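Here is the structure we will look at.
What follows is calculated from the coordinates using simple rules that are stated; it is not laboratory data. Predicted model, so just to flag it, every value in this text is computed and none were measured. Cβ atoms come from the backbone with ideal geometry, glycine included; neighbour counts cover every protein chain shown.
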Amino acid sequence: MSTDAIVLLKDDHQQILKTFSDFEAAGENALKTKQRLVDRMIELLTVHTYIENEVMYPRVRELVPDLEDDVLESYEEHHVADLLVVELAALTPEAERFDAKTTVLIENVRHHIAEEEDEWFPKVREALGRSVLQDIGAEMIEAKKSAPRRPSQPSALKKTIDAVIK
């Protein structure tokens, strides 16, 4: 298994995108399936945004100052996703806005993933190189072990609150 930070993040992206596709294919009345998939989305996104916010973004800001604006935009995109995840965690599939809120989350995260993979990751790879990305990836693997899995966990709440007040 690679410890390259970008490879690890792309692997996460694939899992997230698969969950989105499964949700969209579930059908209008597949309430149990939709709940299971949204629970999975919540876990995947909570862990993923945590490791990016706590490890990847700070390291890129430190090592590649030219990407400061990109990092700040990514923090804001995570903030939007975090708020939607918190709201979805409190809903059931029978709720009037459950599907609509999930769709907005999916659209926002797909946009974020496309920007990262098409624009941001190539710049980061060029600026940092393989060895540094492997070091960052190793930090991310460690952070993932203690990352929150639900938005109600204290470390996830802190991340959301920090995004609101910064």
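I'd like to check which helices (runs of 4 or more DSSP H) are fully inside region 50-154 and have at least 2 residues that are in contact with a helix residue (DSSP H, G or I) (Cβ under 9 Å, 6 or more places away or on another chain), buried (at least 16 other Cβ atoms within 10 Å of the Cβ) and aliphatic (A, V, I, L, M).
Numbers: elements: 57-63, 68-89, 98-115, 121-146.
Helices (runs of 4 or more DSSP H) meeting the threshold: 68-89, 98-115, 121-146.
Select from region 66-83 the residues that are of a type in the set (A, V, I, L, M) and under 15 Å from the mean Cα position of the chain (by Cα) and list them in ascending order.
Residues of region 66-83 of a type in the set (A, V, I, L, M): 67, 71-72, 80-81, 83.
V71, L72, V80, A81, L83 - these are the residues of region 66-83 that are of a type in the set (A, V, I, L, M) and under 15 Å from the mean Cα position of the chain (by Cα).
Can you tell me which residue is nearest to G137 (Cα to Cα) among those in region 1-49 that are of a type in the set (G, A, S) and part of a helix (DSSP H, G or I)? Spell out the reasoning first.
From region 1-49, those of a type in the set (G, A, S) are 2, 5, 21, 25-27, 30; that's our starting set.
Next cut, part of a helix (DSSP H, G or I) only: 5, 21, 25.
Numbers: A5: 4, S21: 27, A25: 33 Å.
The selected residue is A5.
If I ask for residues that are over 17 Å from A143 (Cβ atoms) and touching a residue at least 24 places away in the same chain (Cβ under 8 Å), which ones from region 77-90 would you list? If you could, list the steps in order and put the result at the bottom.
Taking region 77-90 and keeping what is over 17 Å from A143 (Cβ atoms), we get 77, 79-81, 83-90.
Selection gives E77, H79, V80, A81, L83, L84, V85, V86, L88, A89.
So K34 passes all but one of these: (1) within 14 Å of the chain's Cα centre (by Cα); (2) buried (at least 18 other Cβ atoms within 10 Å of the Cβ); (3) not β-branched (V, I, T). Which condition number does it fail?
(1)
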